[in-house]
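Engineer: Quick one: this structure, given as structure tokens, is what I'll be asking you about.
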Amino acid sequence: MTMRMMPLWLTMRTMNKARPVALVAGVAFAVALAVAPAPTHLGLAVVHAQQNPAARRTIQGKVHDASDAPLQGAIVYLKDSRSLAVKSFISTDDGDFHFGQLSQNTDYELYAEYHGKRSKSKTISSFDSKNDFNFTLKIDAGK
């Protein structure tokens, strides 16, 4: 009686070793996925940076008149130069204003208006590595 050669996969299956081989292959695949770096071309790194609170910017400060007295009720504008969206804030009794949760990847223009007069514009560049900005906007509110 001659022995016929069987394919390896059939031999393994016949010997009931198919399960351990599949288990070892599955574990090796899972380890390879866990060790592999995350593909950045899918935007996963960008999503992580946008969700990271440390990667957000804040802009705050005061609005003063020419004699350095705080201006209550001045309207402070923050213009997103990418989307051209404008946020506004009405200054408090102490002339304070605050904008939070701002993107690091966007340039902004900041200015204030009070009774038809306007402050000089301040620019916040996306290339500036700071996350917190503090400005004093001056408006000559004299009549």
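Engineer: How many residues are out of contact with any Leu (no Cβ under 6 Å at 6 or more places or on another chain) and either surrounded by 15 or more Cβ atoms within 10 Å (Cβ to Cβ) or assigned to a strand (DSSP E or B) (or both) when one looks only at the range 104-138? Steps first, please.
Structural biologist: The initial filter retains those residues of the range 104-138 that are out of contact with any Leu (no Cβ under 6 Å at 6 or more places or on another chain), namely 104-107, 109, 111, 113, 115-118, 120-121, 123-138.
Next, from what is left, pick out any that are either surrounded by 15 or more Cβ atoms within 10 Å (Cβ to Cβ) or assigned to a strand (DSSP E or B) (or both): 104, 106-107, 109, 111, 113, 117-118, 123-124, 132-138.
Qualifying residue count for the region: 17.
Engineer: Among the residues of the range 126-143, how many are in contact (Cβ under 8 Å) with a residue 12 or more places away in the chain and either within 13 Å of residue 63 (Cα to Cα) or over 15 Å from the mean Cα position of the chain (by Cα) (or both)?
Structural biologist: 10
Engineer: Sort out which residues of the range 103-114 are more than 12 Å from residue 81 (Cβ to Cβ) and modelled with pLDDT under 95, and write them in order of number.
Structural biologist: Selection gives 104 alone.
Engineer: Just need a number here: residues in the range 61-101 that are out of contact with any strand residue (DSSP E or B) (no Cβ under 7 Å at 6 or more places or on another chain), under 19 Å from residue 123 (Cα atoms) and assigned to a loop (DSSP other than H, G, I, E, B). Full working, then the answer.
Structural biologist: Filtering the range 61-101 down to residues out of contact with any strand residue (DSSP E or B) (no Cβ under 7 Å at 6 or more places or on another chain) leaves 67-69, 72, 82-85, 92-93, 101.
Okay, now just the ones that are also under 19 Å from residue 123 (Cα atoms), so 82-85, 101.
Pick out the ones that are also assigned to a loop (DSSP other than H, G, I, E, B) and you get 82-85.
Looking only at that region, the number is 4.
The values are calculated or read from the model by the stated rules, or taken from the named source; none is laboratory data. For clarity, every value in this text was computed on a predicted model and none was experimentally measured. Virtual Cβ from ideal backbone geometry, glycine too; neighbours counted across all protein chains shown.
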